[in-house]
1. Past 22 Å, Cα to Cα, is the threshold; run K203/K380; K137/K195; K51/K152; K225/K280 against it and keep the listed order.
2. Which of A42, A190, A136 moves most in a GNM of the chain, Cα contacts under 10 Å?
3. Taking N as the number of residues in region 224-381, what is its alpha-carbon radius of gyration divided by 2.2 N^0.38 Å?
4. Which value does Rg/Rh take for the chain over its C-alpha atoms, Rh per Kirkwood?
5. Sorted from fewest to most neighbouring beta carbons within 10 Å, what does the list H296, H183 look like?
6. Cut-off under 14 Å on the C-alpha distance; same-chain residues fewer than 8 positions from K175 excluded. Which aspartates and glutamates are left, in chain and number order?
7. If you take every DSSP beta bridge fully contained in region 224-381, what fraction is antiparallel? Give it as a percent rounded to 5.
8. For T327, what residues show an amide H to amide H distance below 5 Å, using hydrogens built from the backbone and excluding near sequence neighbours?
Amino acid sequence: MLEAFTENRIVIEKSQKSLTFIFISSCCEYWGGSEELWSETARYLSSHGFKVASFKNSVRNDNRIKQLRADGIKVRDIHILILFLRKFSFFLEKNIPFLINLKVFYLKISSWFTKKRNSTLFVISQGENFDGAEIAKLCIQFDLPYIIISQKASDSVWVHGRRRRMMQDMHRQAKASFFVSQHNLFLTQAQIGYKLTNAEVIKNPYRVDISQPLRYPQTENDVFKIACVGRLWILDKGQDILLSVLAQEKWKNRDLHISFFGNGVDREALIDMANLLELKNVSFPGFVENIVDIWHDHHALIMPSRAEGLAIALVEAMMCGRMGIVTDVGGVSEVVEDDITGFIASGASFQEIDKVLERAWQRRYEWENIGKEAFISIRKLIPPYPERIFADKLVQLCQSDVPIQI
């Protein structure tokens with residue numbers, strides 16, 4: 001991995017610095033794990049002298065945005081444009097003439113972008129595997145080279161009709177399509193109905209920089225502390241299932257505490273649900289900037305997700321020497337070995353979450369050693385600086401006149 005990264009860096013150092021990269025995030029959240037790959041890659045390319053611009057669906061002046069701006073990368077809000085495109089996507093389908101006069105992405109992108117197509121690459125980063133379809137449609141109409149990142153594909157969400165046709169065109173005409181797990185790649189191919197010959201799995205960056213597993217925390221009064229880390233969004237993350245499981249008397253009476261870290265639209269709903277169920281062994285500490293702080297005093301991770309790409313929270317927990325209690329969604333089984341580096345539920349249901357938590361609980365005095373195995377295993381699967389590897393791929397794609405068969 002390290003040798004490959006060294007070679008990749010040489011490519012970037014020798015490349016023409018006249019290349020321009022336009023990053024566009026179609027994810028509707030202000031910030032989430034799906035934003036880390038494009039933003040860290042943008043920062044890396046900018047630091048090496050490449051021209052970088054970025055546009056995002058909904059911008060709030062949080063720490064990540066401030067960091068990008070401090071590095072000289074402006075982040076422009078295109079929320080209104082994306083709402084317009086989604087509401088009137090049938091105009092794009094019919095190629096209504098007035099759209100030809102629409103300046104690229106509503107943002108006064110200079111005409112030299114279109115004059116220098118061969119040295120410019122648009123990077124469309126999706127929270128799902130279809131939410132950037134309207135942006136890709138504009139790229140196709142303006143004959144602008146682009147690549148697609150898909151951060152998640154869900155077994156329960158299949159787009160249809162016009163949206164599916166746009167999704168097909170988006171992937172078919174991209175210079176390359178990138179996914180964060182093999183599961184997401186295979187599922188997307190099933191959803192669009194053909195095999196992608198220009199697709200590849202790329203890993204997300206993570207915010208853990210340690211060379212040894214964190215010291216395993218002592219148990220106070222023999223209470224084991226599990227962290228549920230992720231956006232408080234019931235539809236995907238499934239925290240409601242976990243709360244229902246914990247409402248059983250057997251879990252209420254055990255020496256177990258679960259902390260729900262993160263923010264999201266369902267925070268109040270989950271707190272109200274916990275109060276309704278009279279759960280005394282849960283808490284909602286909110287968002288934590290430094291993820292390592294969580295693992296100084298929590299023994300394991302639990303993720304009852306209904307859908308994932310490949311959760312950065314899981315990778316970071318394993319990097320810190322903490323095992324995961326997880327559902328078999330997205331790329332989870334690509335990095336966790338059941339009963340060896342963690343515990344995997346076959347699905348996101350009450351029965352399966354209860355069973356996997358019970359299995360883990362019966363082996364709770366082994367969690368430290370399982371976490372150490374996870375620490376070793378994950379480093380064989382995830383390279384040290386995924387954003388730098390991805391940056392090199394973008395440079396090569398930007399210099400290529402035709403789609404690359406990956």
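1. Beyond 22 Å: K51/K152.
2. Evaluated over the chain, the most mobile residue of the options is A190.
3. Ratio of Rg to 2.2 N^0.38 Å for region 224-381: 0.94.
4. Result for the chain is an Rg/Rh of 0.99.
5. Final ranking by Cβ density, sparse to dense: H296, H183.
6. D143, E200, D401
7. Of those bridges, close to 0 percent are antiparallel.
8. M303, S305, A345
A short reminder: the numbers here are calculations on the coordinates, not readings from a lab. The structure presented is a predicted model; accordingly, all values stated were derived computationally and were not measured. Because the Cβ atoms are built from the backbone with ideal geometry, glycine has one as well, and the counts that use them run over all protein chains shown.
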